Each structure stands twice: as structure tokens, then as C-alpha cells.
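J.: Have a look at this one before I ask anything.
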Amino acid sequence: MAAPNVHDAWLEVPGGQVFVRQWNIGQQNKTPIVLLHDSLGSVELWRGFPAALAQATGRNVWAYDRLGFGRSSPRTEPPSLDFILEEARLYFPAIAEGLELNEYILFGHSVGGAMALCIAAHQPAQCRAVITEAAQAFVEERTLQGIRAAQQSFQDPTQFARLARWHGEKARWVLEAWTGVWLEPAFGGWTLEPYLNRVHCPVLALHGDRDEYGSVAFPERIVHGVAGPARMEVLPDCGHVPHREKEALVLGLVEDFLRNIS
């Protein structure tokens, strides 16, 4: 299959503009895939994965920078403790409308996976399937330990410069938005539990067996909690970024999962 054509655009959402990119292989009769990035992520940080995903699945792929990230409009206020739910209720519907997506498949990495499940719970008629990758389902001590370690590492100017490469002047906000919310004691009781039983579409939960930000209790909670058909795959010798560490395996699992979904 030929390499996809890449198209960039900006969409208006409450509070500013978000940057979106499409990997278009000219396939209009298959439901497209929308990627939701992690807490430090951006469109550019998906690197070559979206193009590979489009070719492997025969589907057009979209990705976007959440408000405050990457090339989207900056934010000054810290995110609320309900930021995951807000993405599902406030921002994503505006993005789907702007892209004229009546139906979609969601692929969410880390907190993007939690957002994908919340979107599926709130937009059941539009969401055809969800793939979560290293998604958190509640706040686990391993998650907090990983965030504290990352927070410490970003005190190194070289490490912080790597983050600024993707987010520019927004890098400090991005880092503090992540660590500030997750390490806030009031966030400790957050869980996907109220939303999982409202997810009726097929779900594939991917998780690395060496994920430094969460145990396999996360995908277990997801697959046992959703109302629709669900499948868990624990990837061997893999950390928190399976689509980078085990790209071929992830592409194969996703292609197989979506084979019977139009």
C-alpha cells in the first residue's frame, strides 16, 4: 500500500485552536482512527506510527495536539482534576464535528486511553471501537512513583530541552499540568469505574509487562469493566510506549482486532 498523504489543519475548540494532522490513504468506506496522546505527548511525538497504522489497517488516521500541547494554543491555567472527563465532554466533540467525523475508532496512549474510554462512554453512537495502550484505570502507587521519578529527571536542563523540542514555550505548562494533577492528593481517588459499563463497543487493551507507570491491574480493570466485547494483550519485555518499543506487534494486534469492523 502506498504511503499516506499528510494534511495539517487547525480547528477551533473552546479556549483556542488545536492542531490536527491526517494520514490519508484515500479510504473513505472504513471508519477512520483517531489517536489521543499521552500526558507529555503531541502529534509529532507519534513519529512514524500513524503512517504505519494507516498502512497496516487500510484506514485514514487522525491525530491532534490537545489544547496547551504541541502546536495547539497555549494555556495558562492548570488543568482541573476533571481534565480527562472534560476532554470527552468538551473538546473531543468539537474536534469530531470540525473534522466531520460521524463515526471513529479511538486509539489512546496512557491518559489518552482513559480519555478514549470516556469518549466512548459519552458518544456511544459514534465510537465504533477503542484501543487503549498503557492506559491508567485508577491511581496506582506505581503510577505516582513513575511520575515522581520523571519529575526529578526533568530538573536536568538537557532532559527539559527534549520536552521543549516538542512543546516549545509551552513545555513548562505541559510538565506541571501532568505532575501537578496526578500528584495532587485530591486526585488520588480518580477512577474510570463510573464510565466503563457505558462502553459497549469492542475494546482492545494493550499493556507492557514492564510498564513503569502501571501494572496489569489497569487493563484487567478495563476489560472486566466495559459492557462490550473486550480483549487484553500483555506485551512481553515492554514498557510504557508499546507503539514505539514493539511497533510491529502492536500493528499486528490492532489490524487483527479491527479486521471485522467496517
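J.: Which number do you get for Rg(Cα) / (2.2 N^0.38 Å) in the range 46-193?
T.: Computed over Cα atoms of the range 46-193, the ratio equals 1.09.
J.: Let me ask something additional. Taking the Cα-to-Cβ direction at Ser80 and at Glu12 and moving 7 Å from each Cα, how far apart do the two end points lie in nm?
T.: Distance between label points: 2.3 nm.
J.: Among DSSP beta bridges lying fully in the chain, give the percent that are antiparallel, nearest 5.
T.: Here the share of antiparallel DSSP bridges comes out near 40 percent.
J.: Name the residues whose placed amide hydrogens come within less than 5 Å of the amide hydrogen of Val34, ignoring near sequence neighbours (fewer than 5 apart) on the same chain.
T.: Trp62, Ile105, Leu106, Phe107
J.: Hey, what do the phi angles of the range 131-148 turn into as Karplus ³J(HN,Hα) couplings, whole Hz, using 6.51/-1.76/1.60 and θ = phi - 60°, x for Gly and Pro?
T.: Computed from phi, the couplings for the range 131-148 are 10, 9, 9, 6, 7, 7, 10, 6, 9, 10, 4, 4, 4, 5, 4, x, 5, 4 Hz.
J.: Just need the relative contact order of the range 202-243 here, percent rounded to a whole number, with Cα pairs under 8 Å and 6+ apart. Write out the running numbers ahead of the final one.
T.: On the way: 70 pairs, mean separation 23.8, N = 42.
RCO, the range 202-243: 57 percent.
J.: Would you mind estimating how fast the chain diffuses translationally, via Stokes-Einstein at 25 °C and 0.890 mPa s with the Kirkwood radius over Cα pairs, in µm²/s? Please report the intermediate quantities before stating the final value.
T.: Numbers: Rh = 18.3 Å.
Reported coefficient: 134 µm²/s.
J.: Right, here's the next one. Under the Karplus relation 6.51 cos²θ - 1.76 cosθ + 1.60, θ = phi - 60°, what is the ordered set of whole-Hz ³J(HN,Hα) values for the range 239-246, x standing for Gly and Pro?
T.: x, 7, 10, x, 5, 9, 6, 9
J.: For the range 25-86, what is Rg from Cα atoms divided by 2.2 N^0.38 Å, rounded to two decimals?
T.: Working it through for the range 25-86, the quotient is 1.33.
J.: Could you give the nm distance between label points at Glu44 and Glu245, where each point is 7 Å from its Cα heading toward the beta carbon?
T.: With each label point 7 Å from Cα toward Cβ, the separation is 2.5 nm.
J.: Suppose every Lys and Arg Cβ carries +1 and every Asp and Glu Cβ carries -1, with no other charges. What dipole size does the chain come out with about its Cα centre, to the nearest 20 debye?
T.: Roughly 380 debye for the chain.
J.: Okay, moving on. Residues of the range 77-114 with backbone nitrogen within less than 20 Å of a virtual label 7 Å along the Cα-to-Cβ line of Asp256, please, listed as ranges.
T.: Counting only backbone N, you get 106-108.
J.: Tell me which residues come under 5 Å, amide H to amide H, from Ala205 once H is placed; ignore anything under 5 positions away on its chain.
T.: Distant-sequence amide H within range of Ala205: Thr132, Arg231, Met232, Glu233.
J.: Sorting His122, His200, His167 on the 10 Å Cβ count, fewest up front, what's the list?
T.: Ascending number of Cβ neighbours within 10 Å: His200, His122, His167.
J.: Could you work out the percent of alpha carbon pairs in the range 124-177 separated by over 19 Å, rounded to a whole number?
T.: 49
J.: Continuing with the same structure: Pairs of alpha-carbon atoms within less than 8 angstrom and 6+ residues apart define the contacts here; what relative contact order does the chain have, in percent?
T.: 19
Bear in mind these aren't lab numbers, they're just calculated from the coordinates by the rules spelled out. Note that the structure is predicted; figures quoted are calculated from it, not measured. Backbone-built Cβ (ideal geometry, glycine too); neighbour counts: all protein chains shown.
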